[in-house]
1. Being out of contact with any Gly (no Cβ under 8 Å at 6 or more places or on another chain), of a type in the set (S, T, N, Q), assigned to a strand (DSSP E or B) and surrounded by fewer than 17 Cβ atoms within 10 Å (Cβ to Cβ) is the filter here, so list the residues in the stretch 264-293 that pass it.
2. Please state which of the following conditions Ile235 fails to meet, knowing it meets all the rest: (1) assigned by TED's automatic domain parsing to the domain that holds Val263; (2) in contact with a Leu (Cβ under 7 Å, 6 or more places away or on another chain).
3. Tell me, which residue of the stretch 183-208 that is β-branched (Val, Ile, Thr) and under 20 Å from His164 (Cβ atoms) is farthest from the chain's Cα centre (by Cα)?
4. Which condition number in (1) in contact with a strand residue (DSSP E or B) (Cβ under 7 Å, 6 or more places away or on another chain); (2) outside any strand (DSSP E or B); (3) modelled with pLDDT of 95 or more is the one that Leu65 fails?
5. Can you spot a residue in the stretch 157-179 that is in contact with a Gly (Cβ under 6 Å, 6 or more places away or on another chain) and within 30 Å of Ser63 (Cβ to Cβ)?
6. Report, by residue number, each residue of the stretch 26-41 that is in contact with a strand residue (DSSP E or B) (Cβ under 9 Å, 6 or more places away or on another chain) and modelled with pLDDT of 95 or more.
7. Just to confirm my filter: which helices (runs of 4 or more DSSP H) fall fully inside the stretch 113-201 and include at least 1 residues that are farther than 30 Å from Lys232 by Cβ?
8. Could you tell me how many of the residues in the stretch 254-269 are farther than 17 Å from Ile132 by Cα and either of a type outside the set (Ser, Thr, Tyr) or in contact with a His (Cβ under 6 Å, 6 or more places away or on another chain) (or both)?
Amino acid sequence: MVDSLTRIQEPESAVETAGTKLSDLDFIAFDVETTGLSAIACKLVELSAVRFRLSGGDLEIFSELINPECEIPPEVTRIHGITDEMVKDALTNKEVIPKFLEFIGGRPCVLVAHNAPFDVGFLKVAVARLGIDVPAVTVLDTLNLSRCLVDGVTDYKLKTLAQHFEIVDGDYHRALADSHHVRHIFGKIMAANPELSTLEQLQDFNCLLTLNEKENSVEPTGEVALHVNVIKAAIGGKQQLKMIYVGNGPPPRSGRLVTPIAVLENRGNHYLTAFCHQVDAERTFRIDRIKSLQVFS
């Protein structure tokens, strides 16, 4: 599945779309539902998107429940309503993410999300876990855009804005319904500001980022950098690793054997996602807590 992604056409880059008129662009409003708030520790349970144009026309829909291969906490289910039973037979991240990349890569587009860094964070980690390069597609954040251009609301939550614009399309806290809300909100804001005709004009509103943005990423240093190099080499060579890892429990008495999957970076910390043979499941480890690491042969 991962190997097939080398043939997927990447979306047009931020540089190439910046000067294009908004009326000539495809937009893809998207939303995720998850098992929690941490993009590193939690997993996707739903990913949906709607491709549209501001000028109207046909919509293209992408919507998939995702089996996170772990339990969904009850307190999270109470928010989005997605249960373990609903996702038990769903496709996994390995199958859904390639389908989504094909959906956004077919034609040049701009992704649109509300509080985009949250959705982007989960999407970037989901892509990275497959060992795939994150495409350099532009993402527009309707939260920041609305803060600059919408008056007369008590806050800028998605539901508040939908009610402000009298949008009654579906429920909330499900990925497809919220994608439609994002689509409508963006359309309403642009219709109220016809003088804004290109992405370049929206840069002043601090609402644009790129899916593979590295401006806020932190390069590993010291022992973490050495471990990252060993891990990446092991991934490339399809080798297992033996490591001493100090987590929140008692100090380990022996090393654990892992099959490395990906190196992730989030909020200045670097992580190893790996299949841990000690617990027979995928786990994520902070690399700065790895005390020793060696290739196991």
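The values are calculated or read from the model by the stated rules, or taken from the named source; none is laboratory data. Predicted model only: the values in this text are computed from it and were never measured. Note that each Cβ is placed from the backbone with ideal geometry, even for glycine, and that neighbours are counted across all protein chains shown.
1. Asn269
2. Just one mismatch for Ile235, condition (2).
3. Our first condition is that a residue be β-branched (Val, Ile, Thr); within the stretch 183-208, this holds for 185, 189, 198.
Those still in the list that are under 20 Å from His164 (Cβ atoms) too: 185, 189.
Values: Ile185: 21, Ile189: 24 Å.
Checking each candidate, the answer is Ile189.
4. (2)
5. Step one: of the stretch 157-179, the residues in contact with a Gly (Cβ under 6 Å, 6 or more places away or on another chain) are 177.
Subset that is within 30 Å of Ser63 (Cβ to Cβ): 177.
Yes, that holds for at least one residue.
6. Step one: list which residues in the stretch 26-41 are in contact with a strand residue (DSSP E or B) (Cβ under 9 Å, 6 or more places away or on another chain), which gives 26-35, 38-41.
Passing the criteria: Asp26, Phe27, Ile28, Ala29, Phe30, Asp31, Val32, Glu33, Thr34, Thr35.
7. Numbers: elements: 116-128, 142-149, 158-164, 175-191.
Here the list reads 142-149, 158-164, 175-191.
8. Of the stretch 254-269, the ones farther than 17 Å from Ile132 by Cα are 254-259, 267-269.
Next, only the ones that are either of a type outside the set (Ser, Thr, Tyr) or in contact with a His (Cβ under 6 Å, 6 or more places away or on another chain) (or both) stay: 255-258, 267-269.
Total satisfying the criteria: 7.
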